[in-house]
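To keep things clear, I will list the structure first and then write my remarks on it.
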Amino acid sequence: MTWLLPRLLAVTVAMVAGGLIGLFAAGGEFVLVGALLGGACAVGMTAVRDTLRGFRLIHWLRGSQVEPAPRDAGLWGELGYRIERSIRLRELTAAREGERLTQFLSAMEASPNGVMLLDAGDQIEWCNSLAADHFGLDPRRDRRQRVTNLVRAPAFVAYLQAGNFDQAVQFPDPPGRRSLSVQVRIYGAEQKLVLSQDITERERSEAMRRDFVANVSHEIRTPLTVLAGFIETMVNLSLTEVERKRVLVLMTQQADRMGTLVGDLLTLAQLEGSPHPAADRWVALRPLLVQVEADARQLSAGRHGLVFPGAVLASAALANGSVPMTAEIAGAQTELLSAITNLVSNAIRYTPQGGRIELGWVRQADGSGVIAVTDTGPGIAREHLPRLTERFYRVDGSRSRDTGGTGLGLAIVKHVVQRHGGELDIRSEVGKGSCFRLVFPAARVRDSEPAVVSGGTAGIDASVAASLAVPVEAAVN
Ligand code: ADP
């Protein structure tokens, strides 16, 4: 009411002044007329001023209200101030809520799942970019569109229409590139939260696990069945000493086969379950290659021409004044030995008698190191190459089993080299032979002492170097 008092006062003063003017200017009978005229003038002027101020306030309200409200005195000033304060408060609350919404949406955007919000009529309210990618949507353009008009996967449409969302639904995404799992949750007023997940990888590894278990069961059951057959034969038939010995040899072969298989499975499990080999534990390459060579010569039993630079350096080359191999690889000795042995044993098992097998070590220009096993065996057709390192994948199953293979060798080799930060590179041509290369990164390769090249004799064999596509000089360590 503080604004009313000055107005009443102004009207009273104006009436008194009007009355006095009436009294002195026109005589006693005009006092009332003068007072009334004075009061009317005061009310009129106040009305004009109020109209002006009210108009200014309305003009400000109609605008963007970015500038401060008109700062008038009295009623209009207070009105302007209070309106402006309430507007500013609302703006602040809206800004805070907007910020919270932005943070919430960014959290949804960062979700590892696709997130889509549908209203009660299944129209898209919002979706993150992952959901847009899963369902082939455009997050801006497709807003307010009915989702079933855009995502036409029959399983998804049927799931939404059935309205039973206890379980997730799985279906291939519209282009059929991957498998999606979608789960709907109801919230608010029949709105829907649609969560989508790409389960292609999970399905693939699940299929691989199933195949693996089936393969292991098959691989173990086969020798077991053979063994059971032999045992039955020995129980039911009276065999001569020669026959008995023959059966026992065959039984031993089957038992060995099972032993090798279990050994390889354990190696794989160990490789998968243990931390990567230390990068500061240096393993000298020469003793490894010497051991690989000894094993290889025993396995080959003179049927192949074997070329091992490690052996050359260890014996004959040392005698003729060459420098020994000084290369070292950072990692686990047993794993490295197992990988190289697997490659050499494959080369010997698959290369026919009279063939040639070479093992080479090259330090490449970028510092990386390559162990290469090259053979003149039957070679492998191009279509098999990408699958060779799959567990139990064999190009020729009977050949592999006849020679004691488990189908796990190259899977082990690949694991080992990858655990050492490197990669397995396979080159092969049918009828010409194969070259398996273990490539180790520069950080895991070093020379224990500077190597001195002596007349090219201390290096890798020229043909091996050619197969590795490096100059012979570079193939010297
Ligand atoms: P396996 O125990 O059967 O040898 P691997 O995983 O070591 O299993 O090898 C997978 C397949 O790759 C083998 O079955 C064989 O068909 C092929 N392979 C491996 N090494 C050679 C090679 N040096 N020459 C020809 N084929 C090979």
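The values are calculated or read from the model by the stated rules, or taken from the named source; none is laboratory data. Model, not experiment: these values are computed from the prediction. For neighbour counting, all protein chains shown are included, and Cβ atoms are generated from backbone atoms with ideal geometry for every residue, glycine included. These accessible areas exclude ligands, DNA and RNA; they are computed on the full protein's heavy atoms, side chains included. Shrake-Rupley method; radii C 1.70, N 1.55, O 1.52, S 1.80 Å.
Numbers below:
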{"read-out": "Sequence-separation-based contact order of region 127-244, relative, with Cα cut under 8 Å and 6+ spacing, percent", "value": "15"}
{"read-out": "Percent of C-alpha pairs per 10 Å bin, region 178-276, short to long", "value": "12, 23, 19, 16, 12, 8, 5, 3, 1"}
{"read-out": "Where labels lie 7 Å past Cα in the beta-carbon direction, separation of Asp166 and Phe55 in nm", "value": "7.3"}
{"read-out": "Per-selection metrics, region 361-440 (Cα): Rg and Dmax in Å", "value": "13.3, 41"}
{"read-out": "Surface share of carbon and sulfur [accessible, 1.4 angstrom probe, percent] for region 356-399", "value": "49"}
{"read-out": "Paired Rg and Dmax values of region 333-383, which use every Cα atom, in angstrom", "value": "12.8, 37"}
{"read-out": "Contact order relative to length of region 4-103, as percent, for alpha carbon pairs under 8 angstrom and 6 or more apart", "value": "17"}
{"read-out": "Volume per residue that the Cα convex hull of region 66-113 spans, once the total is divided by residue count, Å³", "value": "48"}
{"read-out": "Radius 14 Å from Cβ of Thr93, net charge of other residues (Lys, Arg +1; Asp, Glu -1)", "value": "+2"}
{"read-out": "Under 12 Å, Cβ to Cβ, from Glu293 - net charge with Lys/Arg +1 and Asp/Glu -1", "value": "0"}
{"read-out": "Net charge of neighbours whose Cβ lies under 13 Å from the Cβ of Glu125, counting Lys and Arg as +1 and Asp and Glu as -1", "value": "+1"}
{"read-out": "Relative contact order computed over the chain (Cα-Cα under 8 Å; 6+ residues apart), in percent", "value": "9"}
{"read-out": "Separation of the Asp133 and Thr225 label points, Cα + 7 Å toward Cβ, nm", "value": "4.6"}
{"read-out": "Per-residue [θ]222 nm for the chain (sum of -39500 (n - 2.57) over DSSP H runs n ≥ 4, rounded to 500)", "value": "-17500 deg cm²/dmol"}
{"read-out": "Förster radius 60 Å - calculated FRET efficiency between Asp295 and Thr240 (Cβ-Cβ, nearest 0.05)", "value": "0.95"}
{"read-out": "Potential extension, Leu5-Ile87 segment - 0.36 nm per residue separation minus Cα distance", "value": "26.7 nm"}
{"read-out": "Apportionment of accessible area to carbon and sulfur, region 4-103, percent (1.4 Å)", "value": "71"}
{"read-out": "When the chain is reduced to its Cα atoms, the Kirkwood hydrodynamic radius in Å", "value": "31.5"}
{"read-out": "Per residue accessible area in Å² of the chain, where ligands, DNA and RNA are left out and the probe is 1.4 Å", "value": "56"}
{"read-out": "Separation of the Arg281 and Gln191 label points, Cα + 7 Å toward Cβ, nm", "value": "5.6"}
{"read-out": "Of all accessible heavy-atom area on region 111-198, the percent that carbon and sulfur account for (1.4 Å)", "value": "46"}
{"read-out": "Protection proxy ranking, peptides 135-142, 201-208, average beta carbon neighbours within 10 Å, highest first", "value": "135-142, 201-208"}
{"read-out": "Heavy-atom SASA rank of Trp361, Trp126, Trp3, Trp76 (probe 1.4 Å, accessible area, largest first)", "value": "Trp3, Trp76, Trp126, Trp361"}
{"read-out": "Signed unit charges on C-beta, dipole axis of the chain, positive-most listed residue Val13, Asn149, Ala189", "value": "Val13"}
{"read-out": "Percent of alpha-carbon pairs separated by more than 20 Å within region 111-198", "value": "22"}
